[in-house]
Amino acid sequence: MRKIALAVLMIFASIPLAAQTPPQGDPWTGSIAIGVAGQHVSGSVASFRTENDLRSGLVIDHLQLRRGDTELVASGIGNAEPWLHAALRLRPAEHWTASITYDRRRSFLGLSGSEFPFTTGQWHVDRWRAQSGFDGWSFANLSLALRHTSRDGSSNFPWYGLNEQYLLHRRLNDTMNEAAFTIVTRTLPVQLALEQTWTEYRQHDDRSPASPTAIGGDPDLFTAANGSRTDVERFPTSRLTATWGSDRAEIAGSFLYSPARSRGSGITSSQFDLLSAGSTGRVQFVDDVIASASRNASAGNLRAAWLLAPGWTIRVLADGRDTDTDASLVGTRLLRMINPNGSSLDLTSALDTSTTYRVKDESARAELGWARGRWSAWGGAFTAQRSVDWNVDPERIDVNRHATGEVAGAAYAGPNGRVSAEYEHGSFEHYIFRTDPAKTDRLTVRFRSVVGRGFEVHGEGRFDWAKNPVSESGLDHSSRAESAGAGWTSADGHQTFGVDLGWTKLRTVTQLTLPAVAPDNPSIYDLRLMTTTAYGRSSYGRFRFSGSASRVRDNGETWPLTSWNLRGRLAFVVSERAELGIFGEKWKYDERRSSLDDYDATRYGVTVQWRIR
Amino acid sequence: MITIVAAWLTLASPALLPAQPPQNPAAVAKAEVSTVPALEECAGCHDEQSKAFAAGPHGRAMARDAKALERSCATCHEGSQAHVQNPSKANIRRLPRDSACASCHATESRSLLLGMPAHKRSGVACVDCHAAGHLAASGSRQVRTSTSEACMSCHKTERAKFELPFAHRDREAPMSCTACHSAHGMRRTARLSLLDRNGACLECHTELAGPFVFPHAPREAGGCLSCHEPHGSTNPRMLTRHSVAELCMECHTNVPHDIVSARYRRCTGCHSAIHGSNGDKRLFDR
């Protein structure tokens, strides 16, 4: 953190100090809105926090200050909202830009009705970013960005202990630091962009039992857990992008290379008390291992388009990716058994395992496109090659496969709307993972029309069919996403009212029967969402009103639910510079198969806004 | 890192290399056309728009090149010369063509054709998402509304998914649509493409970047979307199925457990290092 802060200071120190003072004649302009909010939640408070995590308290609704090229924006400062954003942007000298951005996101997890009622957590992620750019050279622009991200908090989750699931508590303590340097040429016939980043991620293990008792009712007690392990990952990334264009052709290509290294070392241990016939024995597991892995990833792509004749374009795309990972785990694993009488027995095993994983993807696609007036059509073919070579002793997968496919589509874009359709078919001859679809057909249709007088209708459909032979996996997978909607907006500058109706159906059927999960039916993920939104904004004299109401109802087979959200805000313009407002919000969430995570929440408050001119 | 900054200071020091005013060939070429009306002429009738344009981001950027600013109205509004002679709605192009935007924003325009032809084919114009220079924009980069609202006005299925209980719902920084997607089809920058694939996810979920001694193979080959639905799900972990067992057992059909028991249906209750483990090949968290 100190290094980051120092680096940020150095960036800003690099800018001529005298130039950091805004012009004397320029006044500050902008606005600030401060509010205080209260709320009441009935039902599951934890569920409301998981989905929204709003609280009572003070909040800076927004802050925007500007003077010359200097701008400060902020929102969410305070504890009432889970996010916070602040940014300072300035142009401190001719040809220089600089900015500092800070984001904070608070998260909470606690659901009683889910399949993991024991998994809970609360944490926050802080993100800092400082950026500086220089465009004073005629031949290239430069920029430098520094990022620092940290995650703090804790989580409890089921963990496999002594032949049983126990609850482990882990304090989160992660940091990520990154520096990125970019140079983009301006005057060369071929525009080149070189980006170089250096990233380090560091995670410290800090664990303890969240509860001594096993989730499954086993009498043995989870009495201790410790970790001194630190995992560090470093991955520099280099990328070169080149683009060239003329009246008849455009070509872009890029190449990326990232050699990543990770190393984790330290001791982790856990301890269990064995209870039997009134006496207590003890079992300890102590791992002292070093895990190291190196991964060399390279990726490249080439995209080109030629204008063959007026209206006719040929487009070629080629992508390649190669990731090669070698890893090893060495050290000792100790099992210590302590009898009730105090005697103990140590069983030590040495670990020396190595793994390799290599995946290589190559693909190419060629398309011929035609466009005239409001119509366009395209068609083409693609081919792809994937090879996976995976070795985790004693398992070994070494498979290559080749896929081919075709695509065709057409679109119309008129003054009152657009409609498009595309069909894609692909297949391959060898499996790598058994659930990969052997043949896939995909149809996408979309239309949107502005009917007039404020009315708009739209529709969208995406249909996928994938078939696998019974001999391989027996998966007959289909997925469809359909949505349709209509909206009306009346706007005359002072008043806006509108209604949006939407219907979306998402259904994935795998034809895989899971006796314990769905005894009579194959695995289905089925959502049928009906969304209704009404909104309005109006002003009358010194009063301004805005509000919205939205209802989501899911009638699908998977997890039907209904949720409501109402928002309203009334503001009174006190003077040209001041505005006083009150707001209210209401949420209602109802899962039909369980009431454990249902909630009903009301939030209200006042805001004061000043305009600075 | 300190070394990088020091190198940066050396490279970018204005004292070492004399700065030159930026040259935009398209803007210069247009500025040399003396027949188009100047901003002051247009302001004679459109005073409010002219002032708003000059104060807005386009105006401020063009102010660094006085000639470009002077001819800025004609850059976007075709037919301006005839319109000055005979002011009429019929002889002026009210909304600029994409080619007008591309005269300055050439890179975005080029990538639209090469990398994201779907937007191009569907007739999505620059001004469908971006406000013109003299209109107030509520989003960054002169987007008409918030970035997410602009995207979701067409992508309704994704909009519906965001209404599900568990979603990347903030919709604004740091989780707006453009945090993961590139609307212009430009390839992600190196910083975001940490591994080329999964790059957008790992931007925030860096702890899952690996490499791991024991990776979860489908994740390595197929990426995060093998299991996760990033827009919204009924599963708290944003999986593509409602329950963990339904998802895991599509691949792992021959598990050596009695899955009638609820404890064994919570697969990640034991296999908690599901993204990859540095301690156990069964993906236990050791």
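The values are calculated or read from the model by the stated rules, or taken from the named source; none is laboratory data. The structure displayed is predicted, hence computed values, not measured ones. Glycine also receives a Cβ, built like all others from the backbone with ideal geometry; neighbour counts cover every protein chain displayed.
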* **Test for residue A:566: is it touching a helix residue (DSSP H, G or I) at 6+ places or on another chain (Cβ under 8 Å) and crowded, with 16+ Cβ neighbours inside 10 Å** => no
* To do: Output the residues belonging to the stretch A:594-613 that are closer than 30 Å to residue A:30 by Cα and hydroxyl-bearing (Ser, Thr, Tyr).
  => A:604, A:607
* **residue A:309 vs. criteria away from chain B (no Cβ under 11 Å), among the aliphatic types (A, V, I, L, M) and surrounded by fewer than 18 Cβ atoms within 10 Å (Cβ to Cβ)** => yes
* Test for residue B:167: is it closer than 30 Å to residue A:598 by Cα and modelled with pLDDT of 80 or more -> yes
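Please count how many residues of the stretch A:224-243 are polar (S, T, N, Q) and within 23 Å of residue A:298 (Cβ to Cβ). Walk me through it before giving the result.
At the first step, the residues of the stretch A:224-243 found to be polar (S, T, N, Q) are A:226, A:228, A:230, A:237-238, A:241, A:243.
Filter once more, so that each one left must be within 23 Å of residue A:298 (Cβ to Cβ): A:237-238, A:241, A:243.
The number of residues fulfilling the criteria is 4.
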* Would you mind stating whether residue A:164 is facing chain B (nearest Cβ under 9 Å) and free of Cβ contacts under 8 Å to residues at least 40 places away in the same chain? => no
* Does at least one position in the stretch A:215-222 carry a residue that is within 26 Å of residue A:289 (Cβ to Cβ) and assigned to a strand (DSSP E or B)? -> yes
* For the stretch A:339-361, state whether one or more residues are crowded, with 18+ Cβ neighbours inside 10 Å, under 30 Å from residue A:427 (Cα atoms) and charged (D, E, K, R). => yes
* Only one of B:176, B:182 that is modelled with pLDDT under 80, within 10 Å of the chain's Cα centre (by Cα) and more than 12 Å from every other protein chain (Cβ to nearest Cβ) -> B:182
* What residue, of A:119, A:101, is among the hydroxyl-bearing types (Ser, Thr, Tyr), closer than 27 Å to residue A:35 by Cα and within 10 Å of chain B (Cβ to nearest Cβ)? -> A:101
* To do: Kindly indicate whether any position in the stretch A:280-292 is among the basic types (Lys, Arg) and loosely packed, with under 15 Cβ neighbours inside 10 Å.
  => no
* To do: May I ask you to verify whether residue A:146 is among the aliphatic types (A, V, I, L, M), facing another protein chain (nearest Cβ under 9 Å), surrounded by 18 or more Cβ atoms within 10 Å (Cβ to Cβ) and over 30 Å from residue A:186 (Cα atoms)?
  => no
* Residues in the stretch A:298-310: is at least one at pLDDT 90 or above and either of a type in the set (Gly, Ala, Ser) or closer than 23 Å to residue A:232 by Cβ (or both)? -> yes
* Failed item, numbered, when residue A:192 is tested on (1) more than 8 Å from every other protein chain (Cβ to nearest Cβ); (2) surrounded by 17 or more Cβ atoms within 10 Å (Cβ to Cβ); (3) closer than 30 Å to residue A:302 by Cα -> (2)
* **Residue satisfying all of: in the stretch B:206-232; under 23 Å from the mean Cα position of the chain (by Cα) and in a loop (DSSP other than H, G, I, E, B); nearest to residue A:178 (Cα to Cα) among these** => B:209
* Asked: For the stretch B:54-83, how many residues meet the condition of being among the aliphatic types (A, V, I, L, M) and out of contact with any helix residue (DSSP H, G or I) (no Cβ under 6 Å at 6 or more places or on another chain)?
  -> 4
